[in-house]
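> Right, I'll just put the structure down here and ask away after.
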Amino acid sequence: MRRESAAAGFRPVIDSALPVPAVRQLYLQLRDSIVGGTLRAGARLPSTRTASTEWSLSRGLVAEAYEMLIAEGYATGKHGSGTYVTDNLPLPKVQGNASRGTKADGRKRGISAAARLALSLETAPPAQMAFATGRVIHDQRTAILLKRLAHRHIDYAHDGYRDPQGESALREAVAAYLMASRGVRCDPRQVFITSGTQQGLDLAIRVLMSPGDTALVEDPCYPPARQALLLNGARIVGVPVDAKGMVTETLDASDGPAPALIYVTPSHQYPCGSALPLARRLQLLAFAQQRGCWIIEDDYDSEFRYEGHPIASLQGLDAGGRVIYAGSFSKALVPGIRVGYLVVPDDLAAAFRAVRPVIDRFPAPLHQLVVADFLNEGYFPAHLRRLRESSRASRDLLFDLLQERLSDHLVALRPEQGVYLTANSTGTWQDDRALAHAALAGGVVVIPISPMHIRTPPEPRLLLGFSGLTAAETDLATRRLAEVLQRRSARRSRTPRPRR
């Protein structure tokens, strides 16, 4: 007895505008209908001749799609009889738009606790809008050099996998640069190349902590570092920050179990901008040594020092091998180059080498080799001088325009280092988060600092980036921010106060 055709209600839709070949579109629609139950198990598919006529497709295209179904086990071919949907398909039924993340059967679709946490975290503001942090001025001279160096290294004939620590040429260049410019004590064997600081932080947290361990962080704290700790299951305890950075005198008063790790930005505290003095640095190192915990030193913008000499690294003072030093070339070159680095103590190198391949095998070599040549051939110092002077000019222009146009609403501080400044309220606004939303609607990014606090009482304060801004952009952006603040102030003054 002949089985009925399974395709009575099946009508494929082939979209010629899609980049997907027509035969694959047909195969995917047939496969989804089989898995979803529209094409029943054991039923016969129409012959290639019939399908070609009914579906307005070439017979060869239909035959090729059937062959793909047979090859992957969704159908079977019987000589002289036809093509049949397989009888023993072990897959669950998938209906409607379940492939887009909706629930097909009413039950909850499980994701990890880390994924749920990530979904709840605040997203970063648009990176290219005025006052966003991390923008880099386009330096035509540097761009030409990088393109020339990249062309030198475009070679896809390399055989095999690379070193999980990174290219030796770059590790040697980074070690030499950090020793000369930051007083970091290291050799290339301690250097790990990462895809920016964030990957370096994640790698260090994975090596140094287990879920449930305690991490001490500055309060307020750099949000992506805090998020990396949370997603890795850390218990976070905030340590207060004052005008001199982390208040190390309070470390012994931290509640709970001994910390596994301390995250700190000692040369330029993010977001407050203070520098940790020598006495506190020594106190922090002594605490880590006594408690047997690790310190991650995030030196995220040390290249941008405008007054006085660069502040030496905390790692350079560390005689006990407790500091992991993290940095990157994202701000010093371009963010898209994604080259960062960790410097780890000698006795941790083996552990980092063991964990690194599990994350991404090894860092992509092209950009590493380009940056290595840029450093080794002496281009970096001149580039940094140009970039530093450009950032200084951007800082001064923004500070002056804030003083001129927004002094009724903001008290801005001129930073001695970094690529951003902070501003307090004069009293005309209280909610920095609401102001940030209003500014974004007005075409300007200002970052509220109050959400970065953990336990310390937050105060209304804003962070404004100035790197990568032209004079015209700074002029327009400060006018827009002034308009936002004036409108909010006017609405507030019109709001009637409740009678007592």
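The values are calculated or read from the model by the stated rules, or taken from the named source; none is laboratory data. Model, not experiment: these values are computed from the prediction. Note: ideal-geometry Cβ built from the backbone for every residue, glycine included; neighbour counts use all protein chains shown.
> Any residue at all in segment 362-375 that's assigned to a strand (DSSP E or B), of a type in the set (D, E, K, R) and surrounded by 15 or more Cβ atoms within 10 Å (Cβ to Cβ)? Let's see the steps before the verdict.
Narrowing segment 362-375 to residues assigned to a strand (DSSP E or B): none.
Within segment 362-375, not a single residue is assigned to a strand (DSSP E or B), of a type in the set (D, E, K, R) and surrounded by 15 or more Cβ atoms within 10 Å (Cβ to Cβ).
> Just one of A275, A234, A225, A260 is buried (at least 21 other Cβ atoms within 10 Å of the Cβ), touching a residue at least 40 places away in the same chain (Cβ under 8 Å) and on the phi < 0 side of the Ramachandran plot; which is it?
Of the residues listed, the single one that is buried (at least 21 other Cβ atoms within 10 Å of the Cβ), touching a residue at least 40 places away in the same chain (Cβ under 8 Å) and on the phi < 0 side of the Ramachandran plot is A225.
> Does segment 428-443 contain any residue that is in contact with a His (Cβ under 7 Å, 6 or more places away or on another chain), more than 21 Å from I236 (Cβ to Cβ) and not in a strand (DSSP E or B)?
yes
> Could you say whether any residue in segment 293-314 is within 28 Å of E416 (Cβ to Cβ), assigned to a helix (DSSP H, G or I) and among the aromatic types (F, W, Y)?
Among the residues of segment 293-314, not one is within 28 Å of E416 (Cβ to Cβ), assigned to a helix (DSSP H, G or I) and among the aromatic types (F, W, Y), which makes the answer no.
> What pairs come up if the first residue lies in segment 79-93 and is within 17 Å of P46 (Cβ to Cβ), the second is among the polar types (S, T, N, Q) and modelled with pLDDT of 60 or more, and their beta carbons are under 9 Å apart, counting only those six or more places apart or on different chains?
G82/S47; T83/S47; T83/T48; T83/T76; Y84/T76; V85/T76; T86/T76
> Hey, another quick one. Looking at segment 335-346 only, could you name the residues that are surrounded by fewer than 22 Cβ atoms within 10 Å (Cβ to Cβ) and in a loop (DSSP other than H, G, I, E, B)?
Of everything in segment 335-346, those that are surrounded by fewer than 22 Cβ atoms within 10 Å (Cβ to Cβ) and in a loop (DSSP other than H, G, I, E, B) turn out to be R338, P345.
> Also: With respect to F304, is the statement that it is within 25 Å of the chain's Cα centre (by Cα), not assigned by TED's automatic domain parsing to the domain that holds G418 and not small (G, A, S) true?
Details: within 25 Å of the chain's Cα centre (by Cα): yes; not assigned by TED's automatic domain parsing to the domain that holds G418: yes; not small (G, A, S): yes.
Taking the combined requirement at face value, the residue satisfies it.
> Okay, moving on. Scanning for something under 30 Å from L149 (Cβ atoms) and at pLDDT below 95, does segment 407-418 turn up at least one residue? It would help to see each step written out before you state the result.
Within segment 407-418, the subset under 30 Å from L149 (Cβ atoms) is 417-418.
Narrowing the set further to residues that are at pLDDT below 95 leaves 417-418.
Yes, the conditions are met somewhere in segment 407-418.
> So which residues in segment 294-329 are surrounded by 15 or more Cβ atoms within 10 Å (Cβ to Cβ), among the hydrophobic types (A, V, I, L, M, F, W, C) and free of Cβ contacts under 8 Å to residues at least 40 places away in the same chain?
I295, L317, V323
> Can you tell me which residue in segment 451-492 is surrounded by the fewest Cβ atoms within 10 Å (Cβ to Cβ), limited to those that are within 21 Å of the chain's Cα centre (by Cα) and small (G, A, S)?
Only one residue fits best here, namely S467.
> Residues to consider are L402, L387; find the one that is farther than 27 Å from D155 by Cα and modelled with pLDDT of 95 or more.
Exactly one residue qualifies, and that residue is L402.
> If you go through segment 174-201 one residue at a time, how many are among the acidic types (D, E) and surrounded by 19 or more Cβ atoms within 10 Å (Cβ to Cβ)?
Total meeting the criteria: 0.
> Of the residues that sit in segment 109-152 and are crowded, with 16+ Cβ neighbours inside 10 Å, out of contact with any Gly (no Cβ under 8 Å at 6 or more places or on another chain) and not hydroxyl-bearing (S, T, Y), which one is farthest from A477 (Cα to Cα)?
Filtering first and then ranking leaves L149.
> Let me ask you something else. Condition test on A332, is it surrounded by 15 or more Cβ atoms within 10 Å (Cβ to Cβ) and assigned to a loop (DSSP other than H, G, I, E, B)?
Yes.
> Take segment 239-257 and flag every residue that is buried (at least 20 other Cβ atoms within 10 Å of the Cβ) and either part of a strand (DSSP E or B) or within 21 Å of the chain's Cα centre (by Cα) (or both).
V239, V241, G245, M246
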